[in-house]
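Just so you know, all these numbers are worked out from the coordinates, no wet-lab data involved. Please read these numbers as outputs of a predicted model, since none were measured by experiment. Neighbour counts run over all protein chains shown; Cβ positions are idealised from the backbone, glycine included.
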Amino acid sequence: MRILMLSYEYPPDVVGGLGAAVAGLARSLARQGDKVHVICASSGGDAATSVQDGVKVSRVARSSIQAARDPYGGGGGSFLHTVMEANFGLTSRTVMEVRGRRRYDILHVHDWLAGFAAKSLKHALHVPLVTTVHSTEYGRNRGIHSDLQKYIHEVEWMITYEAWRVICCSQYMADELNRVFSLPADKIDIIPNGVDPGPPPDQEYVRQTRLRYARPEDRLVFYVGRLVYEKGVHVLLDAVPQVLAEVPNARFVIAGDGYYASVLREKAASMGLGRAVAFAGRISDEERDALYAAADVAVFPSLYEPFGIVALEAMARGTPVVASDTGGLAEVVRHEETGLKVYSGSADSLAWGIRRVLLDPGFRSFISQRGREEALSRFGWDAVVASTRSVYQRVLEEAARAPW
């Protein structure tokens, strides 16, 4: 099968879980013999087409004009201009790549950021469209409160309308799509994100990485993800004093970047948490994996989370997990079996969960082992690819019979 994927990000140019999910699916499809071509927007500008892990990758500049702000940061006109320029680039690059060559069988777009390019190419190339919705503007903001949010919300609706099938990663997201877009349930396929545990990190590198943030006798609590309001890192900061009251040698590493980073740093400073909390900024995959290996517990205090790929990555690497009982996280983690679930938005509940793991070595070992087993058996890429290819095949069979 010849598959064209459109994405606003792709490794190594990754902002959040979207890029990792697209790459994992593309690479796994390629390993099973499909011809996969990813055309993605890039902050590094246009680049010649290359082959990475069996996937053909073409990169186009997000913008020919220097963006005034981080495209995922504050929004406003510059953000939408950047997205629209990227869509023009994705469309023209695809037309150039396909000229004189065999057409694609399936066009698969990920989220609204490449939505206009997907709509144009669907009709221009006469290729059936599948879309994966990784999150919604409504969910991220707990409603639509501004003109910018309303615009993004309407583009999201448009791309689900244009798609032959809509894939989402959890029952929680399927219910949200049905509710906020009036999307028929029988147009939705639920396929979880997959996880690849990767090779075990070098133990000396793990030791050195840990020593940058904690002494050998300390307990290490690790968060990794975007620093945006809906990830709930402010709740984690509120929980820190309660954890320190019982575990005074606890040390917290917060890795990632985003528009909320400065607010969180100021909050930590105002609370006098400088000694206990370290902001690592955006880190490499190698350092992330070392911190997973070094951590006594990984925490994911999200207020809104369609799936929670970072929690699944932690579980696959054997790191004990404490996560909010919300959204897709609630479907990934089984309470007191593969991790701990706590009340979303509650610093008291989050502190209880962290203390429970830090103070009970036997329980910590139990959820570490069970979490890893569950992640690899239930969320392996082979199963995800089989489900995705089944959706593709259904679309191809229906498209062959339907006038469109």
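Odds and ends about this structure:
- The range 135-157 and the range 241-316 have Cα centres separated by 27 Å.
- Residue-averaged [θ]222 nm for the chain, counting only DSSP H segments that reach four residues, each worth -39500 (n - 2.57): -14500 deg cm²/dmol
- For the pair the range 328-371 / the range 176-235, the C-alpha centres are spaced 14 Å from each other.
- In this structure, the pairs whose alpha-carbon distance is over 31 Å, taken from Lys119/Lys267; Lys35/Lys119; Lys56/Lys341, are Lys119/Lys267; Lys56/Lys341.
- Cβ-defined net charge surrounding Glu156, 14 Å radius [Lys, Arg +1; Asp, Glu -1]: -1
- Here Ala383 and Ser146 are evaluated by their C-beta separation; at R0 = 45 Å the FRET efficiency comes out at 0.70.
- Between Val14 and Met1, full extension at 0.36 nm per residue minus the direct alpha carbon distance yields a gain of 2.0 nm.
- Near Ser146: Cβ cut-off under 14 Å, other residues only, Lys/Arg at +1 and Asp/Glu at -1. The net charge is 0.
- When the GluC sites (Glu not before Pro) in the range 211-283 are filtered for DSSP coil states and for at most 16 other beta-carbon atoms within 10 Å of their beta-carbon, the remaining sites are Glu217.
- Rel. contact order, % - alpha carbon contacts under 8 angstrom, at least six apart, the range 203-378: 24
- DSSP loop trypsin sites (Lys or Arg not before Pro) with at most 12 other Cβ within 10 Å: longest gap in the chain: 143-274
- Per-bin percent of Cα-Cα distances, the chain [10 Å]: 5, 23, 32, 25, 12, 3, 0
- Applying the Karplus relation 6.51 cos²θ - 1.76 cosθ + 1.60 with θ = phi - 60° to the range 278-293 yields 3J(HN,Hα) values of 10, 9, 8, x, 6, 10, 6, 4, 5, 5, 4, 5, 5, 6, 4, 5 Hz, where x marks Gly and Pro.
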